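Trainee: One structure is given below, represented as structure tokens, and several questions about it will come after.
The values are calculated or read from the model by the stated rules, or taken from the named source; none is laboratory data. Quantities reported herein were computed from a predicted structural model and do not represent experimental measurements. Here the Cβ positions follow ideal geometry from the backbone for every residue, glycine too, while neighbour counts run over all protein chains shown.
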Amino acid sequence: MTTEQKQDPEFIQFRYPRDVTYHHALGYQSKFANGLKQGRILATKCPVDGRCTIPPRIVCPMHHVRQTEWVDQGQRGRLISAFKINFPMFNSRTGELQTWENPIIAVELEGGARMDGWCMETDTSKLKTGMLLEAVWRPEEERQGRADDIMYWKPIEE
Amino acid sequence: MAERIAIVGVGQTHHKSKRPDVTTAEMCAEAVERCLEDAQMSMKDIDNIIMGSFEVADGYYSPDKWIIPELGAVGKSGLEMQNVGTTGGVVAATGFNIAATGLFDAVLCLAWQKMDEAAGAFGRGGGGTNEYWTGQFPMSPITNFARRAYAYMDRSGCTEEHFAMVRVKQDQCAMKNEYAQLKLGLTLEQVMNDALLAWPIRRLHMCPTTAGAAACIVCPEEKAKKVTNKPVWVEDWFTCHQGGSLTMAEDPTSSTLAYASHLVYKRNGITNPPKDIQAWEVYEPASPAELRWIEEVGLCEDYTAWKLFEQNKVGIDKEIPFNPSGGVTATNPIGATPVVRLVEAVLQVRGDAGEHQIPGTINRALATGYGGQGENVIMLLRKTL
Amino acid sequence: MTQNLPEIPDTLVNVDVIGYSNFLVNTGATGTKFLKEIRDNKKIMGIKCPSCGKVYVPPRLHCPTCFARMSEWVKLSGKGSLTSYTVVRYEEPYLPKQPPFAYGIIQMDSADTGMAHFLGEVDLDKIKIGMRLEPVFKEEREGSILDIDYFKPSS
Ligand SMILES: [Zn+2]
Ligand SMILES: [Zn+2]
């Protein structure tokens, strides 16, 4: 990572670069990560209103009840929103500045849950909310149990 | 039974992009000196201090260890807290709660941020509030508001030109505020041709990085009346959480602002917000968000606020006096930003806002704090009890 | 589509998350003057409260008890007495020196506060509270508190 050493001529300043590694437990949400490795998108379902949510949660955020049922959300969904990053941003995995060609989108899955993803179509003018999309997965051996195991969402004809 | 409470003094620094001349603690002391002077009080009169910043963008752990001695406030009761962009809002709301107990005479609420020191902490600090869920894609306030803006255009039928109209209005207000950071004299063309950060968000649409601090002093009724002849009463306040990813929301343009503000209206008998409230300082981290916020606080129908800008109805001396300070796109010391809103609302109620004073009597003002992906803090002020 | 999905394991997953940061620290006008005196003149300066008269080193802008702005600088001899110390014998990332090393709090002469710094030119087993100390400055100085290399026993 970069360690800029720009000094103000008048005032003394210094920098202190630090890298800190945390080990986060996914807990109940582990099943979601395990599902991705098998090419499946799983969500928890609320027993009160039947709503499926990603991130999955052990307790429904609205009704405060345990969510024991997991539902396969299918491989298709509809576009909710999209944006494209037109400037270099820090990649939180590497700490380096990076640029991205593909838009980031929010998808409402067939099972009703919503999640973020990359869009295969790079021309934002061709994106319309409500358009149908299908998951394109990384090869099984490359999957890490993370949302970007879905390489892209590909627009498909209805 | 809770005490009625009032704000008896406010203070803020002149907000700037860089403050190499002061440490974080010294910058805080500057705002507190001005606040005490405004209240005509000394540090001896303060018996509780609630303070906070967005710690991830600070680079200090336990900043109170540095700031409390710099304030000459060692040994006083208090709390240090943080909640991203709403930090100043929860600082103020907690100060209100504590003052309302009547256990303390004068509660100092202090919030700050020195973003010239933060060095991309947003992108680097795990990419979001929870790396596994929000850090897998390059997310930031910019991208968060880009997707809101895209969905808003899609639903409302407004164009990028309307976003530019909002930005120009914000700048016109900031030009009149001596404490504001960005005073640019913008034209519509400049905004529309500005560099794209994440379509449809341009650089000028987005709040800047700011070094600044803001403070207020809150007293229970009896003390407030002794201290000042122009107390500003805190009628009500409410803090509202929103969980998880934005994609959980039914409407990607919305936040908890509609829910939280209408809850406060209901319990204070406010039935016609545009008439019952005369000054608005609503935390808008990006110009396009101001359109949706105007709708969410009940100033017009959903997805129509852009028409108000087309009709030139929003401004300090216009039908809708929204963000007379110039707002967050002009000044954003992030953790302090909600207190900057509160300070402006207090000045408006007192009639002390100078060049950016809204004409006429301000009986009620509404200030908010926004943070994360939709948390809101509502602060409702009144001129008289 | 509703199933209990027994074929998807419940095996617990942990993820490594790396936080990168590169904060800038401003020492401000007061801190800058203190550090420049060390860098340019090998002098340790204190600052005096106009209200209670206490002398603080390192300096700060406001007195912690009076909230008075301080601007009267006091030149210190640099000598002082050890009020407390420890010897660091463990290793972890970002330690400023290779262990074992000693650091302590030094009550500076003509000041009312102690200052933390390293102890050097001393047998780690023979450090005593109350011992007299004086600063040893680095040859190459850059405007940092580490321009003082360490404090050594003084005769
Ligand atoms: Zn539920
Ligand atoms: Zn003093």
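Trainee: Looking only at the stretch C:29-68, how many residues end up being among the hydrophobic types (A, V, I, L, M, F, W, C), away from ligand 2 (no atom under 16 Å from the Cβ) and over 17 Å from C:MET108 (Cβ atoms)?
Mentor: 1
Trainee: For the stretch B:1-84, give me every one of the strands (runs of 3 or more DSSP E) that falls completely inside it and has 3 or more residues that are surrounded by fewer than 24 Cβ atoms within 10 Å (Cβ to Cβ) and in contact with a Phe, Trp or Tyr (Cβ under 9 Å, 6 or more places away or on another chain).
Mentor: none
Trainee: Could you list, in sequence order, all residues of the stretch C:69-80 that are away from ligand 2 (no atom under 16 Å from the Cβ), surrounded by 15 or more Cβ atoms within 10 Å (Cβ to Cβ) and either outside any loop (DSSP other than H, G, I, E, B) or within 13 Å of chain B (Cβ to nearest Cβ) (or both)?
Mentor: C:GLY80
Trainee: Which of (1) within 16 Å of ligand 2 (Cβ to nearest atom); (2) more than 14 Å from chain B (Cβ to nearest Cβ) does C:TYR103 not meet, given it meets every other one?
Mentor: Every listed condition holds for C:TYR103 apart from (1).
Trainee: For the stretch A:66-158, please list each of the strands (runs of 3 or more DSSP E) lying entirely inside it that holds at least 2 residues being touching a strand residue (DSSP E or B) at 6+ places or on another chain (Cβ under 9 Å) and closer than 19 Å to B:ARG147 by Cα.
Mentor: Output list reads A:76-85, A:89-91, A:104-109, A:114-118, A:132-137, A:150-155.
Trainee: I would also like to ask the following. Take the conditions more than 30 Å from B:ASP45 (Cβ to Cβ), among the aliphatic types (A, V, I, L, M) and more than 16 Å from ligand 1 (Cβ to nearest atom) and apply them to C:MET70. Does it pass?
Mentor: Spelling it out, it is not the case that C:MET70 is more than 30 Å from B:ASP45 (Cβ to Cβ), among the aliphatic types (A, V, I, L, M) and more than 16 Å from ligand 1 (Cβ to nearest atom).
Trainee: Still on this structure, I have one more. Just checking, how many residues over the stretch A:58-79 are more than 16 Å from ligand 1 (Cβ to nearest atom), within 8 Å of another protein chain (Cβ to nearest Cβ) and surrounded by fewer than 18 Cβ atoms within 10 Å (Cβ to Cβ)?
Mentor: Number of matching residues: 1.
Trainee: Pairs under 8 Å by beta carbon, first residue free of Cβ contacts under 8 Å to residues at least 60 places away in the same chain and within 11 Å of chain B (Cβ to nearest Cβ) in the stretch A:37-56, partner assigned to a loop (DSSP other than H, G, I, E, B) and within 8 Å of ligand 1 (Cβ to nearest atom), six or more apart or different chains?
Mentor: From the stretch A:37-56, the pairs are A:PRO56/A:GLN67.
Trainee: Evaluate the following for B:LEU299: is it closer than 20 Å to B:TYR259 by Cβ and touching a residue at least 12 places away in the same chain (Cβ under 8 Å)?
Mentor: Spelling it out, B:LEU299 is indeed closer than 20 Å to B:TYR259 by Cβ and touching a residue at least 12 places away in the same chain (Cβ under 8 Å).
Trainee: Let me ask you something else. So is A:GLU108 within 9 Å of chain B (Cβ to nearest Cβ) and either out of contact with any helix residue (DSSP H, G or I) (no Cβ under 9 Å at 6 or more places or on another chain) or more than 16 Å from ligand 1 (Cβ to nearest atom) (or both) or not?
Mentor: The answer is yes for A:GLU108.
Trainee: Oh, and also: Of the conditions (1) at negative phi; (2) at pLDDT 95 or above; (3) of a type outside the set (Gly, Ala, Ser); (4) in a loop (DSSP other than H, G, I, E, B), C:GLU121 fails just one. Which one is it?
Mentor: For C:GLU121, the exception is condition (1).
Trainee: If I filter the stretch A:42-52 for residues that are away from ligand 1 (no atom under 16 Å from the Cβ), on the phi > 0 side of the Ramachandran plot, surrounded by fewer than 23 Cβ atoms within 10 Å (Cβ to Cβ) and small (Gly, Ala, Ser), do I get at least one hit?
Mentor: no
Trainee: Report the residue count in the stretch B:132-157 for those that are assigned to a loop (DSSP other than H, G, I, E, B) and either β-branched (Val, Ile, Thr) or more than 16 Å from B:ALA286 (Cα to Cα) (or both).
Mentor: 5
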